[in-house]
Amino acid sequence: MRLFLLTGFCLTLFALNSILCRAALIIFGMEPFQYIAIRSLSAAGMLAGLCALHGIRRRDDTQSGVWRQVWDESSWSGAAFLFLYMLCFTLGYVSIDSATGTLILNLSVQAGMVGWGLARGLRPGGRQTLGLGIAVAGLAALMSPGLTAPSPLHALLMAGSGLAWAGYSICGRRAASASLSTAGNFLRCIPAGLALAGLALVHEQPACPQALLCALAAGALASALGYILWYAVVPRYSLVASSIIQLCVPLITALLAVTLLNETLTLRLVVCSVPILGGILLALVGPKKA
(Lines give C-alpha, C1' and ligand atoms only; values in the text may rest on other atoms or scores of the structure.)
Protein backbone atom coordinates (compact mmCIF):
# COMPACT_ATOMS: atom_id res chain seq x y z
CA MET A 1 0.00 0.00 0.00
CA ARG A 2 2.85 2.38 0.82
CA LEU A 3 4.44 1.74 -2.59
CA PHE A 4 1.08 2.23 -4.32
CA LEU A 5 0.46 5.56 -2.56
CA LEU A 6 3.98 6.83 -3.19
CA THR A 7 3.72 5.88 -6.87
CA GLY A 8 0.39 7.67 -7.18
CA PHE A 9 1.87 10.73 -5.50
CA CYS A 10 4.81 10.77 -7.94
CA LEU A 11 2.53 10.49 -10.96
CA THR A 12 0.37 13.31 -9.60
CA LEU A 13 3.45 15.51 -9.23
CA PHE A 14 4.34 14.77 -12.87
CA ALA A 15 0.82 15.76 -13.93
CA LEU A 16 1.05 18.93 -11.84
CA ASN A 17 3.94 20.10 -14.02
CA SER A 18 1.41 20.61 -16.81
CA ILE A 19 -1.28 22.04 -14.53
CA LEU A 20 1.03 24.55 -12.84
CA CYS A 21 2.47 25.65 -16.17
CA ARG A 22 -0.96 26.26 -17.68
CA ALA A 23 -2.17 28.02 -14.53
CA ALA A 24 0.83 30.37 -14.47
CA LEU A 25 0.72 31.18 -18.19
CA ILE A 26 -3.00 31.25 -18.94
CA ILE A 27 -4.82 32.00 -15.68
CA PHE A 28 -2.27 34.33 -14.05
CA GLY A 29 -0.75 35.78 -17.24
CA MET A 30 2.90 34.94 -16.56
CA GLU A 31 5.24 35.22 -19.51
CA PRO A 32 7.17 32.09 -20.53
CA PHE A 33 10.81 33.09 -20.02
CA GLN A 34 10.12 34.04 -16.41
CA TYR A 35 8.40 30.74 -15.83
CA ILE A 36 11.23 28.67 -17.32
CA ALA A 37 13.89 30.56 -15.37
CA ILE A 38 12.11 30.25 -12.04
CA ARG A 39 11.23 26.59 -12.58
CA SER A 40 14.79 25.60 -13.48
CA LEU A 41 16.47 27.68 -10.75
CA SER A 42 14.06 26.62 -8.00
CA ALA A 43 14.52 22.95 -8.97
CA ALA A 44 18.29 23.41 -8.86
CA GLY A 45 18.01 25.07 -5.44
CA MET A 46 15.83 22.29 -4.02
CA LEU A 47 18.12 19.56 -5.35
CA ALA A 48 21.22 21.34 -4.07
CA GLY A 49 19.61 21.47 -0.62
CA LEU A 50 18.75 17.77 -0.76
CA CYS A 51 22.30 16.93 -1.81
CA ALA A 52 23.70 19.00 1.05
CA LEU A 53 21.50 17.21 3.58
CA HIS A 54 22.47 13.87 2.06
CA GLY A 55 26.14 14.76 2.45
CA ILE A 56 25.69 15.85 6.06
CA ARG A 57 24.00 12.58 6.96
CA ARG A 58 26.60 10.35 5.33
CA ARG A 59 29.23 9.12 7.72
CA ASP A 60 31.53 7.59 5.12
CA ASP A 61 31.95 10.60 2.87
CA THR A 62 32.53 14.33 2.98
CA GLN A 63 30.47 17.15 1.55
CA SER A 64 33.03 17.62 -1.22
CA GLY A 65 32.73 13.93 -2.06
CA VAL A 66 28.98 14.23 -2.55
CA TRP A 67 29.31 17.24 -4.84
CA ARG A 68 31.99 15.44 -6.84
CA GLN A 69 29.60 12.53 -7.36
CA VAL A 70 26.83 14.92 -8.40
CA TRP A 71 29.10 16.48 -10.99
CA ASP A 72 30.50 13.18 -12.29
CA GLU A 73 27.05 11.58 -12.67
CA SER A 74 25.74 14.48 -14.79
CA SER A 75 26.82 15.91 -18.14
CA TRP A 76 26.53 19.07 -20.19
CA SER A 77 24.67 17.19 -22.91
CA GLY A 78 22.16 15.94 -20.35
CA ALA A 79 21.73 19.46 -18.99
CA ALA A 80 21.21 20.83 -22.52
CA PHE A 81 18.47 18.29 -23.23
CA LEU A 82 16.87 18.99 -19.83
CA PHE A 83 16.76 22.74 -20.43
CA LEU A 84 15.49 22.26 -23.99
CA TYR A 85 12.72 20.07 -22.57
CA MET A 86 11.66 22.82 -20.13
CA LEU A 87 11.89 25.49 -22.84
CA CYS A 88 9.73 23.64 -25.40
CA PHE A 89 7.36 22.41 -22.68
CA THR A 90 6.58 25.94 -21.49
CA LEU A 91 6.38 27.54 -24.94
CA GLY A 92 4.13 24.71 -26.10
CA TYR A 93 1.70 25.24 -23.24
CA VAL A 94 1.20 28.87 -24.23
CA SER A 95 -1.56 27.67 -26.57
CA ILE A 96 -2.35 24.00 -26.02
CA ASP A 97 -4.47 22.45 -23.28
CA SER A 98 -2.95 20.36 -20.51
CA ALA A 99 -4.21 16.89 -21.46
CA THR A 100 -3.44 17.23 -25.19
CA GLY A 101 0.05 18.48 -24.43
CA THR A 102 0.75 15.54 -22.13
CA LEU A 103 -0.45 13.05 -24.74
CA ILE A 104 1.83 14.52 -27.42
CA LEU A 105 4.73 14.65 -24.95
CA ASN A 106 4.26 11.02 -23.92
CA LEU A 107 4.15 9.74 -27.50
CA SER A 108 7.17 11.84 -28.51
CA VAL A 109 9.26 10.40 -25.69
CA GLN A 110 8.53 6.85 -26.86
CA ALA A 111 9.17 7.79 -30.51
CA GLY A 112 12.47 9.38 -29.55
CA MET A 113 13.63 6.32 -27.62
CA VAL A 114 12.70 3.99 -30.52
CA GLY A 115 14.38 6.33 -33.00
CA TRP A 116 17.55 6.20 -30.92
CA GLY A 117 17.41 2.42 -31.01
CA LEU A 118 16.94 2.41 -34.79
CA ALA A 119 19.92 4.72 -35.23
CA ARG A 120 22.00 2.22 -33.27
CA GLY A 121 20.97 -0.60 -35.58
CA LEU A 122 18.35 -2.11 -33.28
CA ARG A 123 15.05 -3.20 -34.76
CA PRO A 124 11.69 -3.14 -32.98
CA GLY A 125 9.55 -6.26 -32.82
CA GLY A 126 6.32 -6.60 -34.75
CA ARG A 127 4.12 -5.81 -31.76
CA GLN A 128 6.21 -2.76 -30.88
CA THR A 129 6.02 -1.49 -34.46
CA LEU A 130 2.26 -2.05 -34.56
CA GLY A 131 1.76 -0.30 -31.22
CA LEU A 132 3.73 2.79 -32.23
CA GLY A 133 1.93 2.84 -35.58
CA ILE A 134 -1.45 2.86 -33.81
CA ALA A 135 -0.27 5.61 -31.47
CA VAL A 136 0.97 7.76 -34.36
CA ALA A 137 -2.35 7.27 -36.15
CA GLY A 138 -4.16 8.44 -33.02
CA LEU A 139 -1.93 11.51 -32.85
CA ALA A 140 -2.55 12.22 -36.55
CA ALA A 141 -6.29 12.10 -35.89
CA LEU A 142 -5.88 14.45 -32.94
CA MET A 143 -3.87 16.89 -35.07
CA SER A 144 -6.10 16.76 -38.15
CA PRO A 145 -7.77 20.08 -39.03
CA GLY A 146 -10.89 20.90 -37.08
CA LEU A 147 -12.39 23.19 -34.47
CA THR A 148 -10.75 21.36 -31.57
CA ALA A 149 -7.38 20.49 -33.14
CA PRO A 150 -4.42 21.98 -31.23
CA SER A 151 -2.21 24.65 -32.74
CA PRO A 152 0.34 22.94 -35.06
CA LEU A 153 3.17 25.19 -33.84
CA HIS A 154 2.53 24.53 -30.16
CA ALA A 155 1.94 20.83 -30.77
CA LEU A 156 5.33 20.76 -32.55
CA LEU A 157 6.93 22.46 -29.55
CA MET A 158 5.40 19.88 -27.22
CA ALA A 159 6.70 17.10 -29.47
CA GLY A 160 10.12 18.75 -29.30
CA SER A 161 9.83 18.70 -25.52
CA GLY A 162 9.18 14.96 -25.60
CA LEU A 163 12.12 14.33 -27.93
CA ALA A 164 14.35 16.41 -25.65
CA TRP A 165 13.22 14.35 -22.66
CA ALA A 166 14.06 11.18 -24.61
CA GLY A 167 17.52 12.63 -25.27
CA TYR A 168 17.89 13.47 -21.59
CA SER A 169 16.90 9.92 -20.63
CA ILE A 170 19.40 8.45 -23.08
CA CYS A 171 22.18 10.65 -21.67
CA GLY A 172 21.41 9.35 -18.19
CA ARG A 173 21.48 5.64 -19.09
CA ARG A 174 25.08 5.28 -17.94
CA ALA A 175 24.61 7.11 -14.64
CA ALA A 176 25.06 4.95 -11.55
CA SER A 177 22.61 7.14 -9.60
CA ALA A 178 19.65 8.70 -11.40
CA SER A 179 19.01 11.02 -8.45
CA LEU A 180 22.56 12.40 -8.41
CA SER A 181 22.49 12.69 -12.19
CA THR A 182 19.25 14.67 -12.04
CA ALA A 183 20.65 16.99 -9.39
CA GLY A 184 23.83 17.57 -11.36
CA ASN A 185 22.02 18.27 -14.61
CA PHE A 186 19.71 20.81 -12.96
CA LEU A 187 22.75 22.50 -11.38
CA ARG A 188 24.41 22.64 -14.80
CA CYS A 189 21.24 24.39 -16.07
CA ILE A 190 21.81 27.33 -13.70
CA PRO A 191 23.78 29.49 -16.24
CA ALA A 192 21.00 29.07 -18.84
CA GLY A 193 18.35 29.78 -16.21
CA LEU A 194 20.11 32.97 -15.14
CA ALA A 195 20.52 34.08 -18.77
CA LEU A 196 16.82 33.53 -19.40
CA ALA A 197 15.98 35.41 -16.20
CA GLY A 198 18.00 38.35 -17.50
CA LEU A 199 16.07 38.32 -20.79
CA ALA A 200 12.81 38.17 -18.86
CA LEU A 201 13.74 41.20 -16.78
CA VAL A 202 14.36 43.21 -19.95
CA HIS A 203 11.59 41.99 -22.25
CA GLU A 204 8.76 40.67 -20.04
CA GLN A 205 6.35 42.19 -17.56
CA PRO A 206 6.69 41.21 -13.88
CA ALA A 207 4.50 38.28 -12.86
CA CYS A 208 1.91 38.34 -10.10
CA PRO A 209 2.58 36.48 -6.80
CA GLN A 210 0.22 33.63 -7.72
CA ALA A 211 2.12 32.96 -10.95
CA LEU A 212 5.45 33.06 -9.14
CA LEU A 213 4.16 30.49 -6.65
CA CYS A 214 3.11 28.22 -9.52
CA ALA A 215 6.58 28.42 -11.07
CA LEU A 216 8.29 27.80 -7.73
CA ALA A 217 6.05 24.83 -7.00
CA ALA A 218 6.67 23.41 -10.48
CA GLY A 219 10.43 23.59 -9.95
CA ALA A 220 10.98 22.77 -6.30
CA LEU A 221 8.11 20.29 -5.84
CA ALA A 222 6.71 18.87 -9.10
CA SER A 223 10.13 18.68 -10.82
CA ALA A 224 12.83 18.28 -8.15
CA LEU A 225 10.89 16.38 -5.50
CA GLY A 226 8.85 14.45 -8.07
CA TYR A 227 11.92 13.20 -9.93
CA ILE A 228 13.78 12.22 -6.77
CA LEU A 229 10.79 10.30 -5.38
CA TRP A 230 10.24 8.60 -8.72
CA TYR A 231 13.83 7.37 -8.84
CA ALA A 232 13.36 5.99 -5.33
CA VAL A 233 10.22 4.13 -6.42
CA VAL A 234 11.12 2.94 -9.92
CA PRO A 235 13.63 0.23 -8.84
CA ARG A 236 10.66 -1.62 -7.29
CA TYR A 237 9.16 -2.12 -10.77
CA SER A 238 10.41 -3.77 -13.93
CA LEU A 239 11.47 -1.52 -16.81
CA VAL A 240 8.31 -2.27 -18.79
CA ALA A 241 6.07 -1.90 -15.74
CA SER A 242 7.54 1.50 -14.87
CA SER A 243 6.97 2.70 -18.45
CA ILE A 244 3.39 1.45 -18.46
CA ILE A 245 2.68 3.10 -15.10
CA GLN A 246 3.65 6.47 -16.56
CA LEU A 247 0.81 6.14 -19.07
CA CYS A 248 -1.43 7.19 -16.17
CA VAL A 249 0.05 10.71 -16.27
CA PRO A 250 -2.04 11.97 -19.24
CA LEU A 251 -5.20 10.63 -17.59
CA ILE A 252 -4.36 12.27 -14.24
CA THR A 253 -3.51 15.49 -16.09
CA ALA A 254 -6.85 15.48 -17.90
CA LEU A 255 -8.78 15.00 -14.65
CA LEU A 256 -6.83 17.74 -12.86
CA ALA A 257 -7.21 20.11 -15.83
CA VAL A 258 -10.98 19.69 -15.86
CA THR A 259 -11.19 20.06 -12.07
CA LEU A 260 -8.68 22.83 -11.41
CA LEU A 261 -8.43 24.77 -14.68
CA ASN A 262 -11.96 24.33 -16.05
CA GLU A 263 -10.52 22.97 -19.29
CA THR A 264 -12.96 21.14 -21.56
CA LEU A 265 -12.51 17.42 -22.02
CA THR A 266 -13.44 17.27 -25.70
CA LEU A 267 -14.80 14.20 -27.45
CA ARG A 268 -11.95 14.44 -29.95
CA LEU A 269 -9.37 14.21 -27.15
CA VAL A 270 -11.13 11.28 -25.48
CA VAL A 271 -11.46 9.32 -28.72
CA CYS A 272 -7.89 9.99 -29.89
CA SER A 273 -6.36 9.23 -26.50
CA VAL A 274 -7.52 5.60 -26.78
CA PRO A 275 -5.28 4.62 -29.75
CA ILE A 276 -2.43 6.83 -28.50
CA LEU A 277 -2.27 5.30 -25.03
CA GLY A 278 -3.30 1.87 -26.25
CA GLY A 279 -0.64 1.87 -28.95
CA ILE A 280 2.08 2.90 -26.51
CA LEU A 281 0.92 0.19 -24.09
CA LEU A 282 1.06 -2.41 -26.87
CA ALA A 283 4.57 -1.31 -27.79
CA LEU A 284 5.73 -1.46 -24.19
CA VAL A 285 4.45 -4.94 -23.46
CA GLY A 286 5.82 -6.32 -26.72
CA PRO A 287 9.31 -7.81 -27.14
CA LYS A 288 11.80 -5.02 -26.40
CA LYS A 289 14.21 -5.06 -29.33
CA ALA A 290 14.66 -1.30 -29.59
> With a sphere of radius 14 Å drawn around the Cβ of S74, what net charge do the other residues whose Cβ falls strictly inside it have (Lys, Arg +1; Asp, Glu -1)?
Replying inline: +2
> By accessible area of protein heavy atoms, probe 1.4 Å, what ranking do F4, F9, F33 get, highest first?
Replying inline: F4, F9, F33
> Size of the dipole of the chain about the Cα centre, Lys and Arg at +1 and Asp and Glu at -1 on the beta carbon, nothing else charged, in debye to 20?
Replying inline: 900 debye
> If T129, T100 are ordered by their accessible area, calculated over protein heavy atoms with a 1.4 Å probe, which sequence runs from highest to lowest?
Replying inline: T129, T100
> Hey, if you put +1 on the Cβ of every Lys and Arg and -1 on every Asp and Glu Cβ in the chain, which of I19, T90, Q246 ends up farthest toward the positive end of that dipole?
Replying inline: Q246
> Just the accessible area for D97, please: 1.4 Å probe, Å², rounded to the nearest 10?
Replying inline: 50 Å²
>> Explain nothing, just compute: Karplus ³J(HN,Hα) = 6.51 cos²θ - 1.76 cosθ + 1.60, θ = phi - 60°, for every residue of region 244-252 in order, whole Hz, x for Gly and Pro.
In response: 5, 4, 5, 5, 5, 4, x, 5, 5
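How high is the relative contact order of region 100-208, in percent, counting Cα pairs under 8 Å that sit 6 or more residues apart?
38 percent
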> When the convex hull of the C-alpha atoms of region 184-246 is computed, what volume per residue in Å³ does it have?
Replying inline: 114 Å³
> Protein chains only, probe 1.4 Å: how do T266, T182 rank by accessible area, largest first?
Replying inline: T266, T182
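In region 170-278, what trypsin sites (Lys or Arg not before Pro) fall in a loop by DSSP, with at most 14 other Cβ atoms inside 10 Å?
none
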> For the chain, what is the calculated [θ] at 222 nm in deg cm²/dmol (nearest 500), taking -39500 (n - 2.57) for each run of four or more DSSP H residues and dividing by its residue count?
Replying inline: -24500 deg cm²/dmol
>> Below 8 Å between Cα atoms, with a sequence gap of 6+, how large is the relative contact order for region 150-290 in percent?
In response: 21 percent
> In the chain, how does Rg compare with the Kirkwood Rh, expressed as the Rg/Rh ratio over alpha carbon atoms?
Replying inline: 0.96
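Roll a 1.4 angstrom probe over the protein heavy atoms and tell me the percent of accessible area of the chain that is carbon or sulfur.
Carbon with sulfur: 69 percent of the solvent-accessible area.
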> What does the charge count near A254 come to, summing +1 for each Lys or Arg and -1 for each Asp or Glu among other residues with Cβ under 10 Å from its Cβ?
Replying inline: -2
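With an 8 Å Cα cut-off and a minimum separation of 6 or more residues, compute the relative contact order for the chain in percent.
On the way: 428 pairs, mean separation 122.2, N = 290.
It rounds to 42 percent for the chain.
Report, to one decimal in Å, the Kirkwood hydrodynamic radius for region 73-183 based on all distinct Cα pairs.
Taking every pair of different Cα atoms in region 73-183, averaging 1/r and inverting gives 14.9 Å.
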>> Using protein chains only and a probe of 1.4 angstrom, how many square angstrom of E73 are accessible, to the nearest 10?
In response: 50 Å²
>> If packing is taken as the average number of other Cβ atoms within 10 Å across a peptide's residues, how do 37-46, 225-234 rank, most packed first?
In response: 37-46, 225-234
>> In Å², and per residue, what accessible area does the chain have when probed at 1.4 Å with the other protein chains present?
In response: 47 Å²
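The values are calculated or read from the model by the stated rules, or taken from the named source; none is laboratory data. Owing to the predicted nature of the structure, the values given are computational and were not obtained by experimental measurement. Ideal geometry is used to build each Cβ from the backbone, glycine not excepted, and the neighbour counts take in all protein chains shown. Accessible surface is based on the protein model in full, side chains and every heavy atom, while ligands, DNA and RNA are left aside. Shrake-Rupley method; radii C 1.70, N 1.55, O 1.52, S 1.80 Å.
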